[in-house]
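Input: a single structure, listed below in structure tokens.
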Amino acid sequence: MFKAKAYSAAGATSPLAFKMIQRRDTTEHDVQIEILFCGVCHSDLHTVRNEWSSIMPTVYPCVPGHEIAGRVTKVGSAVTKFKPGDLAGVGCLVDSDHTCPSCKADLEQFCPNGTFTYNSPDKHLGGVTYGGYSDSIVVDERFVLRVPSNLNLAGVAPLHCAGITTYSPMRHWGVGKGKKVGVVGLGGLGHMGVKFAHALGAHVVVFTTSAGKKEDALRLGADEVVVSRNADEMKKHAGSIDFILDTIAADHDLNAYIHLLGRDGNLTLVGAPETPFAVGGFGLLFGRHSLSGSLIGGLAETQEMLDFCGSHNITADVEIIPIQKINEAYERMLKSDVKYRFSIDMASLKDK
Ligand code: NAP
Ligand code: ZN
């Protein structure tokens, strides 16, 4: 084992603070990575504050972070995909059983024995896994992604969660030319959703509660922008949208969006607020609408997404912060005051 620097939360109401943690020594299949940037996902905040206690209670201390980009510093003897000096990324998954039907279908995110990057039982060290708010991490090479070298690394880090979480459902539901697509919530996930839907050739409508984000939405690739609190603007799109991706992190009315779906339209949730939704059955019956959810993506599809970003020059729009600003960043994220993802410059961790 070796020691790594990290930021962790000691409890649901504690701020994140400096802490030394243990990482395992590289086994034969492991890759050791010096973390250069880590994106700040709203799931980090939900977990740190134990907002998902009924599904995945948080074990403290909690070191969040699953949007990791860095450089390989060491590899185990059996590693074939990476060598020291390579750029590398890690997302939300660090292990799975490789034998279940989901793993066999390249859908490791649904493996019943999967290990998340943080707050999952750690098979090697006991306790729970510690994530990317740290200067290093050791991960099985099967869960390490190749990062395109032509992209800005601070903006690449968020692709490992916000990127794949929006890319995967769009591919699954056939977003492309001739489709009208809605993206609800212009935050970390939402702004990536706009970029992907636009790159895939769809007609993109952004639904935002923040009138001040209108210009940005158009710059990011939206064809139209609707301020969702304006009932008249919402009405214009009634019964017309093929696919809606809902990224909102808080409780809200789903029926208003189901109402915008065209025949056989689909509303997919990726946002994960803690409270359950109230959904009217008739909104689904008329128009044969469906309501679905999607969870990150498998490893092969995550690599496909990163390669797609490399060839289309897509990264997240980031505000780079030192780790010392992380608690302030959480408060700003809650106020939808981030354009559009915080990316932690891990060099700042040298100063604690
Ligand atoms: P984020 O950056 O905070 O963005 C969420 C956006 O939702 C905000 O920017 C805001 O957009 C909108 N919003 C926030 N509060 C709202 C409210 N009360 N009513 C209406 N709109 C509101 O968060 P994120 O990192 O993109 O994550 C979004 C959600 O997805 C979180 O719940 C997160 O845990 C979840 N998530 C799920 C997966 C998955 O695999 N399914 C993966 C990652 C994250 P506007 O200002 O444009 O209104
Ligand atoms: Zn995330």
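The values are calculated or read from the model by the stated rules, or taken from the named source; none is laboratory data. These numbers were taken from a predicted model, which means no experiment stands behind them. Note that each Cβ is placed from the backbone with ideal geometry, even for glycine, and that neighbours are counted across all protein chains shown.
Under the condition of being of a type in the set (Gly, Ala, Ser) and crowded, with 16+ Cβ neighbours inside 10 Å, which residue from segment 1-16 is farthest from Ile326 (Cα to Cα)?
Here is the first cut: in segment 1-16, the ones of a type in the set (Gly, Ala, Ser) are 4, 6, 8-12, 14.
Next, only the ones that are crowded, with 16+ Cβ neighbours inside 10 Å stay: 4, 6, 8-9.
On the way: Ala4: 18, Ala6: 12, Ser8: 11, Ala9: 11 Å.
The qualifying residue farthest from Ile326 (Cα to Cα) is Ala4.
For segment 270-277, state whether one or more residues are in contact (Cβ under 8 Å) with a residue 12 or more places away in the chain, surrounded by 18 or more Cβ atoms within 10 Å (Cβ to Cβ) and under 30 Å from Gly114 (Cα atoms).
Our first condition is that a residue be in contact (Cβ under 8 Å) with a residue 12 or more places away in the chain; within segment 270-277, this holds for 270-275, 277.
Next, only the ones that are surrounded by 18 or more Cβ atoms within 10 Å (Cβ to Cβ) stay: 270-271.
Add one more test, that the residue is under 30 Å from Gly114 (Cα atoms), and what stays is 270-271.
Yes, the conditions are met somewhere in segment 270-277.
Return yes when Arg263 is not β-branched (Val, Ile, Thr) and not in a strand (DSSP E or B) and no when it is not. If you could, list the steps in order and put the result at the bottom.
Working: not β-branched (Val, Ile, Thr): yes; not in a strand (DSSP E or B): no.
Here the answer is no, as Arg263 does not meet what is asked.
Name the residue, out of Leu334, Leu295, that is surrounded by fewer than 17 Cβ atoms within 10 Å (Cβ to Cβ), within 16 Å of ligand 2 (Cβ to nearest atom) and closer than 16 Å to Val40 by Cβ. Please lay out each step first, then the result.
Working: Leu295 fails: closer than 16 Å to Val40 by Cβ.
Result of the check over Leu334, Leu295: Leu334.
When you go through (1) closer than 25 Å to Lys179 by Cα; (2) surrounded by fewer than 16 Cβ atoms within 10 Å (Cβ to Cβ); (3) not aliphatic (A, V, I, L, M) one by one for Pro322, which number turns out not to apply?
All conditions pass for Pro322, except number (1).
If you scan segment 218-258, which residues turn out to be assigned to a loop (DSSP other than H, G, I, E, B) and either charged (D, E, K, R) or more than 14 Å from ligand 1 (Cβ to nearest atom) (or both)? Walk me through how you get there before you give the answer.
At the first step, the residues of segment 218-258 found to be assigned to a loop (DSSP other than H, G, I, E, B) are 221-223, 228-230, 236-240, 247-254.
Gly221, Asp223, Arg229, Lys236, His237, Ala238, Gly239, Ser240, Asp251, Asp253, listed by residue number.
Hey, does segment 305-315 have a residue that's surrounded by fewer than 20 Cβ atoms within 10 Å (Cβ to Cβ), assigned to a strand (DSSP E or B), at pLDDT 95 or above and touching a strand residue (DSSP E or B) at 6+ places or on another chain (Cβ under 9 Å)? Steps first, answer last, please.
So the first thing to find is which residues in segment 305-315 are surrounded by fewer than 20 Cβ atoms within 10 Å (Cβ to Cβ), and the list is 307-308, 310-313.
Filter again for assigned to a strand (DSSP E or B), leaving none.
No, the conditions are met nowhere in segment 305-315.
Do you know which of the residues in segment 21-57 that are assigned to a helix (DSSP H, G or I) and not hydroxyl-bearing (Ser, Thr, Tyr) is surrounded by the fewest Cβ atoms within 10 Å (Cβ to Cβ)? Steps first, answer last, please.
As a first pass, look at segment 21-57 and keep what is assigned to a helix (DSSP H, G or I): 42-48.
Still in the list and also not hydroxyl-bearing (Ser, Thr, Tyr): 42, 44-46, 48.
Values: His42: 26, Asp44: 30, Leu45: 17, His46: 19, Val48: 27.
Checked segment 21-57; the qualifying residue surrounded by the fewest Cβ atoms within 10 Å (Cβ to Cβ) is Leu45.
Which pairs do you get when a residue that is more than 27 Å from Arg263 (Cβ to Cβ), found in segment 181-194, comes within reach of a residue that is within 13 Å of ligand 2 (Cβ to nearest atom) and at pLDDT below 95, reach meaning Cβ atoms under 8 angstrom, with the pair 6+ apart or on two chains?
Taking only residues 6 or more apart or on different chains, the pairs are Gly187/Ala249.
Against the conditions (1) under 23 Å from Asp317 (Cβ atoms); (2) within 16 Å of ligand 1 (Cβ to nearest atom); (3) surrounded by 24 or more Cβ atoms within 10 Å (Cβ to Cβ), where does Ala211 fall short? Just the number, please.
Single failed check for Ala211: (3).
How many residues are surrounded by 24 or more Cβ atoms within 10 Å (Cβ to Cβ) and either more than 16 Å from ligand 2 (Cβ to nearest atom) or among the aromatic types (Phe, Trp, Tyr) (or both) if we restrict to segment 176-194? Spell out the reasoning first.
Of the residues in segment 176-194, the ones surrounded by 24 or more Cβ atoms within 10 Å (Cβ to Cβ) are 181-194.
From the residues that got through so far, the ones that are either more than 16 Å from ligand 2 (Cβ to nearest atom) or among the aromatic types (Phe, Trp, Tyr) (or both) too are 181-184, 186, 194.
Number of matching residues: 6.
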